[in-house]
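A short write-up of the structure that comes next.
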Amino acid sequence: MGVDGAGAGRRRVVVLPVGAADGGAEWGRSPYRSMSEAERSALWRQRLHEAEAGLTRYLVSLDDQPQLAEWFALQGEIFADLPEESAPSARWQRLFFRGQALMERFLVRRYGEQVLEAWAASNAEVHRTVEPDHGRGAADPIHRIARQAELYGSEYEFDDERPPGRERAELTITHCAIWDYREQARRSGVTITLASPCTYCTHALSANIRAKGFRPAYRLQSGPTGHGCHWEASAATEGTEEGTGTR
């Protein structure tokens, strides 16, 4: 679930409406909590396309042709039981999660966890093309993170004292529901390769921000509300590119 209202010690959830110009925009509650089923399904499909096309692109760069037959078989497994386009978003979510888990297992078994960053960079090249630009600058990639957080029902918030803008945007996920969903999937028999979703997710989100021309920084955190993270996108400047990955 998204954050609903301001609680003790918690900032109000506010976002810049899609397509609004920065500076004089009217602020309000996050519009992503009311994403339609069609919008949610479309984002799940886009995310799966970015990951699968990105992995195909990465394997091409390796020229690892002896493994192509296995990759084709894996693609068949990923897209087995493909839902109708009008199917509930929960079915597209399950398809994405299964596909992500299968691709992670395929890569880690063949090449080790060290290749996840390169896969994320390849996916980001697909993301660069298929993710629309809304003209909000640094706020665009941060809003994409917010939309993904909403898909899982994570709790997230923008800083209302520093609203997302063209030069800099920030988002805090106070409770990452990906952890919850992974544990439910594990209990139902899905093989989870990575000990933490952050192992891949931090590479993926950082690469997506870079692909849109901005400098990423993140900080992992945990506390009473569970696992979370803080993300920033800023106009490219000299200096350190990444934030810390400490918890």
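The values are calculated or read from the model by the stated rules, or taken from the named source; none is laboratory data. Every value quoted in this text rests on a predicted model; they were computed, and no experiment measured them. Note: ideal-geometry Cβ built from the backbone for every residue, glycine included; neighbour counts use all protein chains shown. Note: areas computed on protein heavy atoms with side chains; ligands, DNA, RNA excluded. Shrake-Rupley method; radii C 1.70, N 1.55, O 1.52, S 1.80 Å.
A few points about this structure:
- Flag: Ala204 does not match the condition of being outside the structural domain of Trp44 (by the TED database) and in contact with a Lys or Arg (Cβ under 7 Å, 6 or more places away or on another chain).
- Residue among Ala169, Ala87, Ala195 that alone is modelled with pLDDT under 95 and assigned to a loop (DSSP other than H, G, I, E, B): Ala195
Residues checked against (1) in contact with a helix residue (DSSP H, G or I) (Cβ under 7 Å, 6 or more places away or on another chain); (2) open to solvent by less than 10 Å² (accessible area, probe 1.4 Å); (3) assigned by the TED database to the domain that holds Ser61:
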{"position": "Ser89", "(1), (2), (3)": "yes, no, yes"}
{"position": "Phe97", "(1), (2), (3)": "yes, no, yes"}
{"position": "Glu104", "(1), (2), (3)": "yes, no, yes"}
{"position": "Gly112", "(1), (2), (3)": "no, no, yes"}
{"position": "Val115", "(1), (2), (3)": "yes, no, yes"}
{"position": "Ala121", "(1), (2), (3)": "yes, no, yes"}
{"position": "His143", "(1), (2), (3)": "no, yes, no"}
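- Whichever residue in region 206-247 is over 22 Å from Tyr152 (Cα atoms) and among the acidic types (Asp, Glu) and, among such residues, is modelled with the highest pLDDT: Glu242
- Where a residue in region 61-79 is under 17 Å from Ala51 (Cβ atoms) and open to solvent by less than 70 Å² (accessible area, probe 1.4 Å) and its partner, wherever it lies, is aromatic (Phe, Trp, Tyr) and at pLDDT 80 or above, with Cβ under 7 Å and at least six apart: Leu74/Phe106
- Only a single criterion out of (1) over 18 Å from the mean Cα position of the chain (by Cα); (2) in the same structural domain as Arg57 (by the TED database); (3) open to solvent by less than 20 Å² (accessible area, probe 1.4 Å) is not satisfied by Gly165, namely (2).
- Among the residues here, Ser36 qualifies as open to solvent by 40 Å² or more (accessible area, probe 1.4 Å) and under 27 Å from Leu171 (Cβ atoms).
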